[in-house]
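Below is one structure, written out as structure tokens, with a few remarks after it.
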Amino acid sequence: MIARNVVARGGFTLLELLVVVVVIGILAAIAIPKYSNTREKAYVAAMKTDLRNLATAEEAFFYDSAKYTLTLAQMSNFTTTPGVTVTVNEATKVGWSATATSANTTRQCYVFSGNATAVGSATIEGNISCS
């Protein structure tokens, strides 16, 4: 009989490791842009939510005072999402307009109500528009 020396394989070859690295690179190239896009959508959703909450607060203030207000502090229990800034551009007895910005994106959202001057890309009363 012929004795054979059987050598146990102790690891991966360089080619196998390179294939794994390439596959991981391809998966990362697909996942990273999708993650960034999802984050952008979340920031815009937060701005839209804050503008909807502002509309409710403005109407509650109007119910009590018969006018709208520029001052967020006068609207009871109105707070913005962290990182979002809401600015009331115009507030009169006949309407109001506002802008929302986020520290995390360059996009802005706009809304107006009543006879207030349309602001930004908002063209329909009560509809929040982002650009």
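The values are calculated or read from the model by the stated rules, or taken from the named source; none is laboratory data. Keep in mind that this is a model prediction, so the values were computed, not measured. With ideal geometry, Cβ positions are generated from the backbone for all residues, glycine too; neighbour counts draw on all protein chains shown.
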Legend entry - Long-range neighbours under 6 Å by Cβ, at least six apart or interchain, first residue farther than 11 Å from residue 93 by Cβ within segment 59-75, second part of a loop (DSSP other than H, G, I, E, B) and not hydrophobic (A, V, I, L, M, F, W, C): 61/69
Legend entry - Selection within segment 101-131 - in contact with a Ser or Thr (Cβ under 9 Å, 6 or more places away or on another chain) and surrounded by fewer than 16 Cβ atoms within 10 Å (Cβ to Cβ): 103, 107, 115, 117, 118, 121, 123, 125, 126, 131
Legend entry - Scope segment 90-131; condition in a loop (DSSP other than H, G, I, E, B), over 22 Å from the mean Cα position of the chain (by Cα) and among the small types (Gly, Ala, Ser); matching residues: 116, 118
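Would you point out which residue out of 46, 28, 57 is among the hydrophobic types (A, V, I, L, M, F, W, C) and in contact with a Phe, Trp or Tyr (Cβ under 7 Å, 6 or more places away or on another chain)? It would help to see each step written out before you state the result.
Numbers: 46 fails: in contact with a Phe, Trp or Tyr (Cβ under 7 Å, 6 or more places away or on another chain); 28 fails: in contact with a Phe, Trp or Tyr (Cβ under 7 Å, 6 or more places away or on another chain).
Exactly one of 46, 28, 57 is among the hydrophobic types (A, V, I, L, M, F, W, C) and in contact with a Phe, Trp or Tyr (Cβ under 7 Å, 6 or more places away or on another chain), namely 57.
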Legend entry - Count - residues of segment 1-34 that are at pLDDT below 90 and polar (S, T, N, Q): 1
Legend entry - Filter result (surrounded by fewer than 18 Cβ atoms within 10 Å (Cβ to Cβ) and part of a strand (DSSP E or B)) within segment 69-89: 85, 87, 89
Inset, instruction - Please work out which residue is nearest to residue 126 (Cα to Cα), limiting yourself to segment 54-68 and to residues that are among the hydrophobic types (A, V, I, L, M, F, W, C) and surrounded by 12 or more Cβ atoms within 10 Å (Cβ to Cβ). - result: 55
Legend entry - Filtered residue count, segment 90-100, keeping only those that are surrounded by fewer than 21 Cβ atoms within 10 Å (Cβ to Cβ) and either farther than 20 Å from residue 115 by Cα or not aliphatic (A, V, I, L, M) (or both): 5
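Here is a list: 18, 14. Which entry is more than 29 Å from residue 131 (Cα to Cα), of a type outside the set (Val, Ile, Thr), without any contact (Cβ under 8 Å) to a residue 12 or more places away in the chain and surrounded by 10 or more Cβ atoms within 10 Å (Cβ to Cβ)? It would help to see each step written out before you state the result.
Values: 14 fails: surrounded by 10 or more Cβ atoms within 10 Å (Cβ to Cβ).
Every option except 18 fails the conditions.
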Inset, instruction - Would you check if there is a residue in segment 31-45 being touching a strand residue (DSSP E or B) at 6+ places or on another chain (Cβ under 7 Å) and touching a residue at least 24 places away in the same chain (Cβ under 8 Å)? - result: yes
